[in-house]
Amino acid sequence: MPSSELEYVLSSRAFEKTPTLRKLLTYLWDHRDENISEYAIATEAVGRRADFEPRFDATVRVLVSRLRQRLKEFYDTEGSHLLTQIVIPLGAHQVQIVSVGSEIASPPLEGVQSDATLHPNVSIRRIAWIESVIILILIFSNGWTLWLRNRQQQESKRVQESRLPDFWRQFLGNGKSTQVIVPNPVFFSWENGLTARDKMVNDFSEIGDSPVLRDLEHRFGPPTLSQQYVPSPDAFASLRLDRYLDPDGTRIRFFTTAEVSASDLDRQNIIILGTPNTLAPLRNILDRLSFRVDVPTRSVIDRRSTAGMPSKFETVQQSATRITTPGIIASLPGGAGTNHVLVLITTQYTSALVSYLTSDIGLQELRKAQAASGNHPYFEAVIVSDIEDTTALRGKLVEFRPYIPRP
């Protein structure tokens, strides 16, 4: 595959708003013949610092997964006519060039005339007829291959959906594609290599709200925006959810809060996970909920509490290494009303909510609560999870209600 075809991929609509993925693909292409490591990709391609630790930071794995999905999107649409494809095998970081067909070039007119001269018993008309038959065979063969591939994909989708529990089938079984949105916190970077973040500042224009950031700006000058980082708890939680819902890696795509657009919420099923701070760009969605996660107190507050019902669910320190902490799972209608938005929001441990949603006990508990409330497809639920160190042990449903948009 010549570099011009790589440029064609990079300049496509699928990659036009993803500078990070373009940079990553270019790096992987330039090093396609090398055994590159996660560390090299992180520090040389996506701007991570020299102290990057792959064991605890899943940034590279998340970005490579998103790149894999974006390439598939490109070759399913704009690049469907290409005879070669750039692919990244599952579990690998190196790109491969795969041929999906053979280009049959028609011989030039001079060559046909020469053949007719060398073989006077073979007329140009006969050669043209033979070429036409070959072309028809190729068209039929390619059409059959595309039809068979599409049928296999549809069958694979039906098999995957049939193996999923009822809860996930009701969420994913509407014919829409699915995106997992992971947080992309706002960092402030300076030319001297310093990068800083204030957890309470989630908009680049709000640097003045932080005394520490104001001081750094005074000392080192205006910073630039950096959003290369994906919090490791959210990255690992999203990858676990991806393996559960999409084991062959073909149906679910990853995006960050910096990339998602309002139109995505109208066209596709969306799974959002993170904390109120890291999900600040999607605050308009979080504000629709009657439950709210309060990060400073590590609690969930009920903004519609009634008499006799708890108005607050707090984190409890059970021992030196164990806590019980609340989180929110909410299923909401998308902008068009035909797609679903699933929100998983906590003070820190998004993995606890993913564990709950991928366990038989948790899903049965949710479905039972849904049935008791009239099988309303949209709901809000408070889940209290036991955490030992950083490991989620078990979760329990403590509050459930059908979703009613806040005024």
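Explain nothing, just the number: relative contact order of region 230-402, from Cα pairs under 8 Å at least 6 residues apart, as a whole percent.
For region 230-402, the relative contact order is 22 percent.
Note on SER80, SER238, SER305: ascending count of other Cβ atoms within 10 Å places them as SER80, SER305, SER238, the fewest first. Roughly what % of Cα-Cα distances in region 361-407 sit above 14 Å, to the whole percent? When every Cα pair of region 361-407 is considered, 54 percent fall beyond 14 Å. Each peptide in 25-33, 337-345 was scored by the mean count of other Cβ atoms within 10 Å over its residues; highest first, the order is 337-345, 25-33.
What order do you get for MET309, MET200 when you list them from fewest to most C-beta neighbours inside 10 Å?
With the fewest neighbours first, MET309, MET200 line up as MET309, MET200.
Roughly speaking, what is the centre-to-centre gap between region 372-407 and region 39-104 when only Cα atoms are used, to the nearest Å? Their Cα centres are 35 Å away from one another. When peptides 353-363, 310-320 are sorted by average Cβ neighbour count within 10 Å, with the highest value leading, the order is 353-363, 310-320.
Placing unit charges on the Cβ atoms of the charged side chains and taking the dipole of region 230-402 about its Cα centre, the candidate lying farthest along the positive direction among SER319, TYR378, PRO296 is TYR378. Going from the fewest other Cβ atoms within 10 Å to the most, the residues LYS368, LYS72 appear in the order LYS368, LYS72. Gyration tensor over the Cα atoms of region 186-226: the corresponding equivalent ellipsoid has semi-axes (square roots of 5 times the eigenvalues, largest first) of 14, 11, 8 Å. For THR84, the residues 5 or more places off, or on other chains, whose built amide H falls under 5 Å of its own are VAL100. In units of the compact-protein estimate 2.2 N^0.38 Å, region 230-402 shows a Cα radius of gyration of 1.00. Across region 3-103, Cα-Cα distances exceeding 21 Å account for 32% of all pairs.
No lab work stands behind these numbers, since they all come straight from the coordinates. Predicted model, so just to flag it, every value in this text is computed and none were measured. Please note: Cβ atoms are built from the backbone with ideal geometry, for glycine as well, and neighbour counts cover all protein chains shown.
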